[in-house]
Amino acid sequence: MKLDARKARIFLDDVANIVKVDKHGMLKLIGALPDEMATLLDRPVPRLHGLEGHTNIVFSGMGGSGIVGDIIRSWLGPKAGIPFFVNRGYDIPPFVGHGTLFLAVSFSGNTAETLSSFDRAIAKHCTVVALSSGGKLEKRAKEEGVPFYRLEAPEGTAPRAALGHMLVPLAQVLEAAGLVKARSELEEAVAVLRYLRGRIGPNVPCKYNESKQAALAVLGFIPVIHSYGILEVAARRWKTQFNENAKVLAWADYLPEMDHNSLVGWNQDKAGKGHACVILRDAPSESDDPRMTERIEATKELAWSNSSNIIEVYSEGAGPLSRIISTIYKGDYASVYLAALRGVDPLPVQAIETLKSRLGKGHLPRKGNPHNG
Ligand code: PA5
């Protein structure tokens, strides 16, 4: 189904159209994020001992699990006072050892890269904590006798929709390690997300709905999402949510680095017209350092003006977590609206499933789950 701009608006303004395409209920899972976080915050914090006194933190995970590491690093990394590294892949960095607090996170518990990095971290005598909803990671954690946290997301949840289920316990692990205080920022984030849900949820028409407007702006183009500083993780999440939920190519790029390379391509390649630019902005960072505002304006002129559309999306809330997660939330909704406009069911990711089973590792779907998890 190909929709012109006017028809696309009319389509999105009827919730029934979105629900019809969203067969496995991704919209509901996204809508549940703040409530899940609130519920998890009310649960007793798991008793974890022996986590103090480390010299670095390594988070290991892929895809929808890996992004949680980026969020935690952007939010709590600077407060932890020790280096925080996000590891993606089979191997682990050479500095990992006795002084490392190693967080192995796989929503399904069956992702080959995360299982391999877990084994390597054990072999290097790190303090390992594992989180999964079951699978091989749970089995391995129990065999090794390392702390294991079971993620209790509803049946059929996709890893990328279980963000709150991973974020809250991980923040609690870092609190238990005496590295950070996370609770008040998590509470603020819950309030900001609840408020935002009332503005960008499916019942709000395009005219007032920033996420629907974002989906309309990128429809028919390759979205390129730009950000900087604490919002780098949000650009990555927008990209991956567009990839997986809307099943489109999408890219993320970062300032100021892109002004030293991508800028030239934007400036001189006519293919820019096949793209739509999303710029994720954080007003508090820009008021701390106005050089970024100046840079964005100059980059618009020299680069992004050669795309077909430019939209700007601002973070909301006061603390870093709220600013990161509010920006992510706008993209999560936008990705489902784009999926609906394209007529694709957001939840299943057949290509990932096919790849995992072809590689012969890391794939044991939970019963009733159409997803790879
Ligand atoms: O969002 C997804 O479904 C994927 O990106 C998965 O998160 C990724 O394949 C890793 O799987 P898991 O999160 O179960 O370790």
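The values are calculated or read from the model by the stated rules, or taken from the named source; none is laboratory data. Model, not experiment: these values are computed from the prediction. Neighbour counts are summed over all protein chains in view; Cβ atoms, including those assigned to glycine, are modelled from backbone coordinates with ideal geometry. For the accessible areas, the whole protein counts, side chains as well, though only heavy atoms, and no ligand, DNA or RNA atoms are used. Shrake-Rupley method; radii C 1.70, N 1.55, O 1.52, S 1.80 Å.
Cβ-Cβ distance below 6 Å, separation of 6 or more or different chains: which pairs start in the range 249-263 with a residue that is assigned to a loop (DSSP other than H, G, I, E, B) and end on one that is hydroxyl-bearing (Ser, Thr, Tyr)?
Qualifying pairs under 6 Å: Leu255/Tyr228.
Scan the range 185-208 residue by residue and report those that are under 21 Å from the mean Cα position of the chain (by Cα) and not charged (D, E, K, R).
Filtering the range 185-208 for residues under 21 Å from the mean Cα position of the chain (by Cα) gives 185-202.
Result: Leu186, Ala189, Val190, Ala191, Val192, Leu193, Tyr195, Leu196, Gly198, Ile200, Gly201, Pro202.
Can you find, within the range 1-27, the residue that is nearest to Tyr208 (Cα to Cα) among those that are open to solvent by 70 Å² or more (accessible area, probe 1.4 Å) and part of a helix (DSSP H, G or I)?
Of everything passing the filter in the range 1-27, Arg9 is nearest to Tyr208 (Cα to Cα).
Taking the condition of being more than 29 Å from Lys239 (Cα to Cα) and not charged (D, E, K, R), how many residues in the range 102-129 meet it?
Number of matching residues: 7.
Mind listing whichever residues of the range 180-222 are open to solvent by 30 Å² or more (accessible area, probe 1.4 Å), in a loop (DSSP other than H, G, I, E, B) and either among the charged types (D, E, K, R) or within 21 Å of Pro320 (Cα to Cα) (or both)?
Within the range 180-222, just Lys181 meets the criteria.
Filter the range 151-169 down to the residues that are away from the ligand (no atom under 14 Å from the Cβ) and touching a Ser or Thr at 6+ places or on another chain (Cβ under 8 Å) and list them by number.
The one that is away from the ligand (no atom under 14 Å from the Cβ) and touching a Ser or Thr at 6+ places or on another chain (Cβ under 8 Å): Glu152.
Among all residue pairs at least 6 apart or on different chains, which show Cβ distances below 7 Å where the first residue, located in the range 123-137, is hydroxyl-bearing (Ser, Thr, Tyr) and the second is within 8 Å of the ligand (Cβ to nearest atom)?
Ser132/Ser106; Ser132/Phe107; Ser132/Ser108; Ser132/Gly109; Ser133/Phe107; Ser133/Ser108; Ser133/Gly109
Do we have Pro154 as of a type outside the set (Val, Ile, Thr) and modelled with pLDDT of 95 or more here?
For Pro154, the condition - of a type outside the set (Val, Ile, Thr) and modelled with pLDDT of 95 or more - is not met.
Pick from Lys79, Lys124: which is farther than 26 Å from Ser357 by Cα and modelled with pLDDT under 95?
Lys79
Quick check, is Pro348 within 24 Å of the chain's Cα centre (by Cα), modelled with pLDDT under 95 and part of a loop (DSSP other than H, G, I, E, B)? Step through it out loud before you land on a result.
Details: within 24 Å of the chain's Cα centre (by Cα): yes; modelled with pLDDT under 95: no; part of a loop (DSSP other than H, G, I, E, B): yes.
Against the criterion (within 24 Å of the chain's Cα centre (by Cα), modelled with pLDDT under 95 and part of a loop (DSSP other than H, G, I, E, B)), Pro348 does not qualify.
Can you tell me which residue among Arg199, Arg183 is basic (Lys, Arg) and within 30 Å of Ile310 (Cβ to Cβ)? Talk me through it step by step, then tell me what you get.
Details: Arg183 fails: within 30 Å of Ile310 (Cβ to Cβ).
Result of the check over Arg199, Arg183: Arg199.
Enumerate the pairs (first residue in the range 196-214 and farther than 20 Å from Ile225 by Cβ; second residue anywhere and exposed (fewer than 14 other Cβ atoms within 10 Å of the Cβ) and among the small types (Gly, Ala, Ser)) with beta-carbon separation below 8 Å, excluding pairs fewer than 6 apart on the same chain, so at least 6 apart or on different chains.
Val204/Gly198
Please work out which residue is farthest from the chain's Cα centre (by Cα), limiting yourself to the range 300-338 and to residues that are closer than 22 Å to Val204 by Cβ, among the small types (Gly, Ala, Ser) and outside any helix (DSSP H, G or I). Let's see the steps before the verdict.
So in the range 300-338, the residues closer than 22 Å to Val204 by Cβ come out as 309, 311-317, 322-323, 325-338.
Imposing the further condition that a residue be among the small types (Gly, Ala, Ser) reduces the set to 315, 317, 322, 326, 331, 334-335.
From what is left, the residues that are outside any helix (DSSP H, G or I) are 315, 317.
Values: Ser315: 15, Gly317: 18 Å.
My answer is Gly317.
Would you check which residues across the range 220-246 are at positive phi and either out of contact with any helix residue (DSSP H, G or I) (no Cβ under 7 Å at 6 or more places or on another chain) or modelled with pLDDT under 95 (or both) and list them?
Within the range 220-246, Gly220 is the sole residue that qualifies.
So in the range 79-125, with the set limited to residues that are within 26 Å of Ala161 (Cα to Cα) and in a helix (DSSP H, G or I), which one is nearest to the ligand (Cβ to nearest atom)?
Going through the qualifying residues, I end up with Thr114.
Of all the residues that make up the range 351-373, how many are within 11 Å of the ligand (Cβ to nearest atom), modelled with pLDDT of 50 or more and in contact with a helix residue (DSSP H, G or I) (Cβ under 6 Å, 6 or more places away or on another chain)?
0
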